[in-house]
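The values are calculated or read from the model by the stated rules, or taken from the named source; none is laboratory data. Values in this document were obtained by computation on a predicted structure and should not be read as measured data. So basically every Cβ, Gly included, is an ideal-geometry build from the backbone, and we count neighbours across all protein chains shown. All accessible areas refer to the heavy atoms of the entire protein, side chains included, with ligands and DNA or RNA removed. Shrake-Rupley method; radii C 1.70, N 1.55, O 1.52, S 1.80 Å.
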Amino acid sequence: MALVVYWYDFICFGIVVAAYIGSLWILWRKEGASRCDDNTIYESLLAAQADGDGFVRATHKAHVGSNQLWSSCWKRVHPGCLLLTRFLSFVAMAVFLSWDILDWDASIFIYYTEWTFTLVMVYFALGTVISAYGCWVYTKGHPSANGVRYEILKRYMEENIITNGMTYREKETKGNIKLQSHYVEEEIQQRAGFWGYLMQTVYQTCGGAVLLTDIVFWCVIVPFLSDAHLGLNTLIACMHTLNAVFLLLDTALNSLLLNYHLALQPFPWFRIAYFIQWSCLYCVFQWVIHACGFTWWPYPFLELDTPWAPLWYFVLALVHIPCYGLYVLIVEAKNSILPTLFPRAFIRSY
């Protein structure tokens, strides 16, 4: 056995286990509560389906309509543009991952970089398939999601009255207003479903994991911890750059996180739980392979045979917050700055 356990290692185990259990609790509280009830009011015309009273309720919190998965946040951008960027991103990343496999064989996969790189590829693979479906829907003559959303919001703001086949009811509950629309039920009835939810979750996990990977690599490993395994070369530099570039490009184009519900954050903080779980799984993976005879640690700060290990593990746990928070700020900046700079081109989130 290559893994020798000391008393202070149990503190490291406790930190990871506590983080994982805490993230499960957060998801149980938040994801389990992501449903419309009478105490949660939305001021939105984007509805999903009728309730028992025959009126249309707003889409569940933290869920997006299926059209948002393949449409762009820019008014005149064809869904094919998003399909092209997602497909090319997937292909480019597949090339670099294949190059990495040829250089290092299966040992690509003992690094957090390769785990995250593969996760981003999964996101672009899902996005490519869903975007292809969206292009098929678009070519069938259905109105684009952008056009539908824009017209709905414009029609409400300008008219705010009852028109052909379109009924509204305002209802006050605890000082808030719920606007409901049968017209929207007909236009945008499908929810994201399992694949859409998976795509959102992977996307939000990638946001934090990519920043953690690249920041640690460029700010810690390259200046202080470079060695034969972690040295800087063209392949490694590209893998720690293109993952962020492609993800940010997709963020600039997609409409996944447009905040149509005033009660919904565009990049919800509780989804950091998935990011934490991803890192916890990697730590457990490292412990398992070392218990099975693996002899060296891919990252020195994960080593368990030093009294400083609990401190390193605690710091790494805390680092997840600013990494995820930075991507939250990027998304919020997109939704606040771009509508001001390009008021006629960017679809506002409210």
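Brief remarks follow.
- Answer residue from segment 222-242, given it is assigned to a helix (DSSP H, G or I) and open to solvent by less than 60 Å² (accessible area, probe 1.4 Å) and is modelled with the lowest pLDDT among those: Leu225
- Criterion: open to solvent by 80 Å² or more (accessible area, probe 1.4 Å) and modelled with pLDDT of 90 or more - qualifying residue of Phe96, Phe87, Phe117, Phe124: Phe87
- Scanning segment 52-61 for any residue that is of a type in the set (D, E, K, R) and either at pLDDT 90 or above or surrounded by 15 or more Cβ atoms within 10 Å (Cβ to Cβ) (or both) turns up at least one such residue.
- Tyr156 meets all of the listed conditions (1) modelled with pLDDT of 80 or more; (2) assigned to a helix (DSSP H, G or I); (3) out of contact with any Pro (no Cβ under 8 Å at 6 or more places or on another chain); (4) open to solvent by 30 Å² or more (accessible area, probe 1.4 Å) but one, namely (1).
- Meets criteria (over 20 Å from Thr251 (Cβ atoms), in contact with a helix residue (DSSP H, G or I) (Cβ under 7 Å, 6 or more places away or on another chain), open to solvent by less than 20 Å² (accessible area, probe 1.4 Å) and part of a helix (DSSP H, G or I)) for Tyr313: yes
- Residues that are under 22 Å from the mean Cα position of the chain (by Cα) and among the acidic types (Asp, Glu), drawn from segment 86-124: Glu114
- Enumeration of residues in segment 273-309 that are farther than 11 Å from Ala19 by Cβ and open to solvent by less than 20 Å² (accessible area, probe 1.4 Å): Tyr282, Gln286, His290, Pro298, Tyr299, Leu302, Leu304, Ala309
- Of residues in segment 319-350 being basic (Lys, Arg) and buried (at least 16 other Cβ atoms within 10 Å of the Cβ), the one nearest to Val210 (Cα to Cα): Lys334
- Among the residues listed as Ser44, Ser34, the single one being under 17 Å from the mean Cα position of the chain (by Cα), modelled with pLDDT under 90 and assigned to a loop (DSSP other than H, G, I, E, B): Ser34
- The lone exception for Phe10 - which of (1) out of contact with any Leu (no Cβ under 9 Å at 6 or more places or on another chain); (2) at pLDDT 90 or above; (3) closer than 13 Å to Ala273 by Cα it fails: (3)
- A search for C-beta distances below 6 Å between a residue of segment 1-29 that is farther than 11 Å from Leu304 by Cβ and any residue that is open to solvent by 40 Å² or more (accessible area, probe 1.4 Å) and of a type in the set (Lys, Arg), counting only pairs 6+ apart in sequence or on different chains, returns nothing.
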